Amino acid sequence: MAHSHIIAGADANSVLPGIRTIRPMDLKDALAKGIDDFYSMPTHAVFLCLIYPILGLILFRLAVGYDVLPLLFPLAAGFALIGPFTAVGLYELSRRRELGLDTYWTHAFDVFHSPSIGAITALGVLLMVIFLLWLAVAQAIYVENFGYAPAASVQDFVEKVFTTSAGWKLIIAGNAVGFLFAVLVLTISVVSFPLLLDRNIGVAVAVLTSVRAVAMNPVTMALWGLMVIALLAIGSLIFLLGLTVVLPVLGHSTWHLYRKAVEPDGEPRLEYRRGPKRRRYAADFPAVLFPWSGEDRP
């Protein structure tokens, strides 16, 4: 069935990908290669990630209304939780450049023709659920310390957070819980999305491989997580405009980290090609929005 294909992949009995031991120097090399990819493909990388600072400015404008001010930091921090999914197009560009294929920016959307698009979408939905859960927990922590009354102003909010015991409890509890969410997402997604692009496997194999990669390289992966947090923090300065550079660099670097952490299978995908179009009917809606759902149809 199509849904079992999304979970288990084309071959449920396939051998799990091999995991390599990686060291901090491999992180440096992956980041250097990511920067090189960005320099070679800057226009499309910036184009794909321009939405982030725009969204950030919108979130800032919403926060001026004070009602959602307590969620401004959780929303900004939450970008790191869904980042692995939103960077899928960048992984594809790095994959194509590695194979010597055309890297025109429209190829970032070739992922929609990937045999693993159903699994990629399913894992992306999982990250979105984790993101929304993080927002709910962050709101609950704020309410526990300050109640439901909105902040009177930005200055009032800042003073309450940084000059009261309740504020320090909020900072400590919020960062501790946020750290746990970040560790969870790093563990299940650090190589999952690149692996799904590279091979026709399911969500279960991709997530298990990511967990194994983290378990085999805990210190190195922890350093990678700290690097991501530090770079996102730097990119968030000056109204988040730095994210137009930081996000594509991290996206390309993640592809190269995957290459270092997971053994190749010897049969890389070259190009995703569209299959022949079948005739569409009105009764197919909304199923046509989910092309993988029709895989079992004749």
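The values are calculated or read from the model by the stated rules, or taken from the named source; none is laboratory data. In this text, all values refer to a predicted model and were calculated from it rather than measured experimentally. Positions of Cβ are backbone-derived with ideal geometry, glycine not excepted, and every protein chain shown enters the neighbour counts.
Would you be able to say whether some residue in the stretch 187-197 is touching a residue at least 40 places away in the same chain (Cβ under 8 Å) and loosely packed, with under 15 Cβ neighbours inside 10 Å?
no
So Leu99 fits all but one of (1) under 17 Å from the mean Cα position of the chain (by Cα); (2) surrounded by fewer than 20 Cβ atoms within 10 Å (Cβ to Cβ); what number is the exception?
Every listed condition holds for Leu99 apart from (1).
Specify the residue that is modelled with the highest pLDDT; the eligible residues are those in the stretch 257-285 that are among the hydrophobic types (A, V, I, L, M, F, W, C) and not in a helix (DSSP H, G or I). Please lay out each step first, then the result.
Taking the stretch 257-285 and keeping what is among the hydrophobic types (A, V, I, L, M, F, W, C), we get 257, 261-262, 270, 282-283, 285.
When the remaining residues are screened for being not in a helix (DSSP H, G or I), the result is 262, 270, 285.
On the way: Val262: 95, Leu270: 58, Phe285: 51.
Within the stretch 257-285, the match that is modelled with the highest pLDDT is Val262.
If you go through the stretch 113-125 one residue at a time, do you hit one that is touching a Lys or Arg at 6+ places or on another chain (Cβ under 7 Å) and part of a helix (DSSP H, G or I)?
yes
Based on what the data block shows, is Thr254 surrounded by fewer than 22 Cβ atoms within 10 Å (Cβ to Cβ), in contact (Cβ under 8 Å) with a residue 12 or more places away in the chain, assigned to a helix (DSSP H, G or I) and among the β-branched types (Val, Ile, Thr)? Even if it seems obvious, please write down each step before you answer.
Numbers: surrounded by fewer than 22 Cβ atoms within 10 Å (Cβ to Cβ): no; in contact (Cβ under 8 Å) with a residue 12 or more places away in the chain: yes; assigned to a helix (DSSP H, G or I): yes; among the β-branched types (Val, Ile, Thr): yes.
The answer is no for Thr254.
Taking the stated definitions as given, is Leu90 under 22 Å from Gly242 (Cα atoms), modelled with pLDDT of 90 or more and surrounded by 18 or more Cβ atoms within 10 Å (Cβ to Cβ)?
yes
If you go through the stretch 152-164 one residue at a time, do you hit one that is among the hydroxyl-bearing types (Ser, Thr, Tyr), part of a helix (DSSP H, G or I) and under 19 Å from Ala182 (Cβ atoms)?
Checked against the condition, which is being among the hydroxyl-bearing types (Ser, Thr, Tyr), part of a helix (DSSP H, G or I) and under 19 Å from Ala182 (Cβ atoms), the stretch 152-164 yields no hits at all.
What number of residues in the stretch 29-53 are at pLDDT below 80 and more than 19 Å from Met128 (Cβ to Cβ)? Can you show your working first?
Here is the first cut: in the stretch 29-53, the ones at pLDDT below 80 are 42-53.
Among the residues that remain, those that are also more than 19 Å from Met128 (Cβ to Cβ) are: 42-47, 50, 53.
The number of residues fulfilling the criteria is 8.
Hey, any hits in the stretch 141-162 for a residue that's crowded, with 16+ Cβ neighbours inside 10 Å, over 13 Å from Leu69 (Cβ atoms) and touching a residue at least 24 places away in the same chain (Cβ under 8 Å)?
Looking through the stretch 141-162, at least one residue is crowded, with 16+ Cβ neighbours inside 10 Å, over 13 Å from Leu69 (Cβ atoms) and touching a residue at least 24 places away in the same chain (Cβ under 8 Å).
Suppose we filter Trp134, Trp168 for residues that are part of a helix (DSSP H, G or I) and surrounded by fewer than 19 Cβ atoms within 10 Å (Cβ to Cβ); which single one remains?
Criteria check complete, one pass: Trp168.
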